[in-house]
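The values are calculated or read from the model by the stated rules, or taken from the named source; none is laboratory data. Since we're looking at a predicted model, the values are computed, not measured. Note that each Cβ is placed from the backbone with ideal geometry, even for glycine, and that neighbours are counted across all protein chains shown.
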Amino acid sequence: MTAPSRRGLNDAVTRLWGLVAPAYDLPFLQRWVYRPPHDEVIAQLRAHAARKVADIACGTGILSDRIARELQPDAIYGVDMSDGMLARARARTDRVQWLRAPAEQLPFDDGALDAVVTTSAFHFFDQPAALREFHRVLAPGGLVAVAALSARQPLLQAPSVNRWKPQHNASPGEMRALFEGAGFAISDQHRIRRPVWTQVISDLITVGTKS
Ligand SMILES: C[S@@+](CC[C@H](N)C(=O)[O-])C[C@H]1O[C@@H](n2cnc3c(N)ncnc32)[C@H](O)[C@@H]1O
């Protein structure tokens with residue numbers, strides 16, 4: 001479970017997201033910043049034929065809604081901590097079950113899901129705690145896909161995770177260690193494919209399965 005001090009810091013982060021929620025769906029922002037990781041996650045879910053899926057830190061619900069419409073799983077849950085973001089998600093569609101919960105303490109039984117995905121948010125989480133929680137709620141063979149900001153030059157990035165930092169952009173090596181530490185076998189890791197003019201955004205997708 002998340003340390004209380006880290007939870008308080010993350011609550012402040014998610015409240016801030018509630019304030020920016022009205023601007024979040026701007027088409028240029030979505031197309032250039034958020035859509036590339038969404039496309040990668042959809043491809044991973046399609047390849048895995050996932051039927052019970054949770055999109056963690058779903059924001060205004062654009063990816064969850066795409067999963068519902070494009071993949072038609074048996075169940076799709078959109079989970080976030082921000083009331084403001086969830087209000088916009090609820091207004092978007094009722095094809096998704098929207099839930100308010102932290103990534104580190106999910107409202108699902110052990111082994112209840114066959115895929116957990118998260119885009120553009122993992123850098124805010126208590127990362128070891130969130131990955132342990134993803135592992136808990138997945139059935140054996142379940143898929144986890146994390147797309148998040150990730151330092152290209154680990155030696156130049158601000159050092160270490162600590163409870164007073166609201167965000168940590170884990171390097172590829174740190175992500176692999178986090179996945180393996182939580183009990184996942186890594187099946188893929190690569191930089192998010194982006195148009196050249198948005199490659200200033202340094203994000204990475206890491207994919208694993210629960211053995
Ligand atoms: C940049 S938005 C990303 C939204 C969406 N995943 C997307 O790709 O468009 C970050 C979201 O992470 C949520 N968030 C941050 N920390 C969280 C946590 N520990 N648990 C659940 N949601 C969290 C925020 O409330 C916000 O909605």
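Summed over the stretch 109-150, the residues that are in a strand (DSSP E or B), at negative phi and not hydrophobic (A, V, I, L, M, F, W, C) give a count of 5. Can you confirm whether Asn162 is of a type outside the set (A, V, I, L, M), surrounded by fewer than 16 Cβ atoms within 10 Å (Cβ to Cβ), modelled with pLDDT under 95 and closer than 23 Å to Ser202 by Cα? Spelling it out, Asn162 is indeed of a type outside the set (A, V, I, L, M), surrounded by fewer than 16 Cβ atoms within 10 Å (Cβ to Cβ), modelled with pLDDT under 95 and closer than 23 Å to Ser202 by Cα. In the stretch 124-144, the residues that are closer than 22 Å to Thr14 by Cα form Cβ pairs under 6 Å with partners that are within 16 Å of the ligand (Cβ to nearest atom) and among the hydroxyl-bearing types (Ser, Thr, Tyr), at six or more places apart or across chains, as follows: Asp126/Thr2; Ala129/Thr2. Among residues of the stretch 28-51 that are under 12 Å from Ile192 (Cα atoms), those with a Cβ under 8 angstrom from a residue that is among the basic types (Lys, Arg) and part of a helix (DSSP H, G or I), sequence gap 6+ or separate chain, pair up as His38/Arg66. Considering the stretch 166-211, and only residues there that are assigned to a loop (DSSP other than H, G, I, E, B) and out of contact with any helix residue (DSSP H, G or I) (no Cβ under 7 Å at 6 or more places or on another chain), the residue that is surrounded by the fewest Cβ atoms within 10 Å (Cβ to Cβ) turns out to be Val200.
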